[in-house]
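Coordinate-derived values only; no laboratory data. Since we're looking at a predicted model, the values are computed, not measured. We place every Cβ from the backbone using ideal geometry, glycine too, and count neighbours over all the protein chains shown.
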Amino acid sequence: MITHSLLPLFALVSLVVAEPLDVPLVRRSSLRTLNRRGEANLAAVGRAAEHIRLRYGYSFPSPGRKRGGQTVGIELINSNVDSSYIGAVSVGTPPQNFNVVLDTGSSDFWVAASDCATCQIKNTFDTSASSTLQQPQSSTGSKEVQIQYGSGSVAGILAQDVVSMAGFSVNPQTFLVVEQASSDLLDEDTSGIMGLAFQALASTGAVPFWQALTSANQFTSPEFSFYLTRFIDDPNAQNAEPGGVFTLGGVNNTLFTGDVEFLDLSSSGVINQNTFWLLTVAAVTVNGKNITLGSTAESLAAIDTGTTLIGGPSDAVAAVWAAVPGSQPVESMQGFFAFPCSTSVSVTISFGGTAWSVSTDDMNLGSVSSNQCLGGIFDLGLGSQIDSGGGNPSWVVGDTFLKNVYTVFRSNPPSVGFAKLSSAAGGSGKAPTSVGSATITQTEVPIPTGTGIPSSSTTASAGSSSTGPTSSASSLFSSLTGFSICSAISLVTSLFVAA
């Protein structure tokens, strides 16, 4: 991580009152893991894995990443067949609208500037067009920051402006206006990343958008939640599909059944509950067989919406695939395993409570030969030069798992919760039955018919700086500018996350 200047924040958050709002998600495409024949895209999968490793500190040698409070839901875009999930945000006055990766594995918010020659992004932020933009100065001029991700880096100038999502606004929000970016970091339709982890991880030193809202008591509950769709098993899936729902300020009760099982955040060594969203992997089964895990420190897991896959420590991953007859390492992809395509790999993961099942579809990333398919769990540390006890999470649990549950991130008490998906959410991560043929303005992305959001919540226009949500999903979607999320983990992203 590059040394950076810290900026004191005096965030004024606009007051809003209402019930939780849902934010639609969308998914991106350049990192597509399957081709139309169901074959695994090895290059994309490999980049995703490398991104996750680098992102979590696994370095590698060079060849050889109240007034009340509200709850608001935003519909998401599923990009590139479950590679990443994106939502809409607006910046400035008048508001400029952007699609960004929603990433619980990082904490910075940034958007590409209109003068970023290396960004290769269609929709960029025009700083000269915002009347409320502020650029803090240091003794040597503008404050410059570089952010290093596993899949590349970005660099730019710190700024402050009005930032709005789903009717919630922070004014001013400190963020990075990116003037340089690695060419493969984001695809051309993605304008940036919204980090949803804790402030301690932020290279900008800024309070993350969600934390500013929580501190200002703008949420009905101090939490946000995700329902993510699955299209990896759909041979006709487009690069952008309905991605699910991101709910700020609470949960959407129609998207899960039973209770949310909350687990307190874990900590170990230099990692603590004020950085990543960390849980401890307590048990893993494969086709009914228990897998031997290491110590608590070796089982620390980052819950990361910005990551596509599941990465784990060498011994545990080897044990996972040893439980699958006919599995074998993929020589061309360090840390990955293939298994007979005729075999269904049934995995459950427990973090100290319920053993949650991972769909067999999510465990199969596509064929690598006539009868072998690529597995969705890979060795995070294989070939790395990480020091023992370096304080890095040993597991990174991304969308391969998160598509199978309703996930709630809660700041007080610090915890992550999971619940069983309801039939309205497809029951197992499938697109809901309410998805129709309507399209997002300027993006041609299918969206749910009607409001697209269950009646217990309302949908706000992510492109509006107003303090109150609107109930029309079409209003929300018309503000989306149409792009797909990057891979990077979560973030996605992103390796398959975005970042």
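Assorted remarks:
- Here the simple spin-label model places points 7 Å from the Cα toward Cβ, and for Q180 and F262 these points are separated by 4.4 nm.
- Structural descriptor for the stretch 155-262: relative contact order 18 percent, calculated from alpha carbon pairs under 8 angstrom and at least 6 residues apart.
- Three-way shape label, the stretch 74-177, alpha-carbon gyration tensor, a/c 1.5: oblate
- Residue-count net charge about I157 - beta-carbon cut-off 10 Å; Lys, Arg +1, Asp, Glu -1: -1
- Reach of K403 by Cα under 13 Å, taken over aspartates and glutamates that are not fewer than 8 positions away in the same chain: D82, D233, D304, D361, D362
- Computed over the stretch 215-307: relative contact order in percent, which uses C-alpha pairs under 8 Å that are six or more apart: 21 percent
- The calculated FRET efficiency for the pair N290 and D234, based on their C-beta separation and a Förster distance of 25 Å, comes to about 0.20.
- Counting only aspartates and glutamates at least 8 places from K143 when in the same chain, those with an alpha carbon closer than 13 Å to its own are E179.
- Between the beta carbons of A297 and E331, assuming R0 = 22 Å, the FRET efficiency works out to 0.10 to the nearest 0.05.
- If you wrap the stretch 279-425 in the convex hull of its Cα atoms and look at it from every side, the mean projected area works out to 9.7 nm².
- Percent RCO, i.e. relative contact order, over the stretch 83-162, from Cα pairs under 8 Å lying at least 6 residues apart: 25 percent
- Amide N proximity, the stretch 203-217 versus Q146 label position 7 Å along Cα-to-Cβ, cut-off under 20 Å: 203-206
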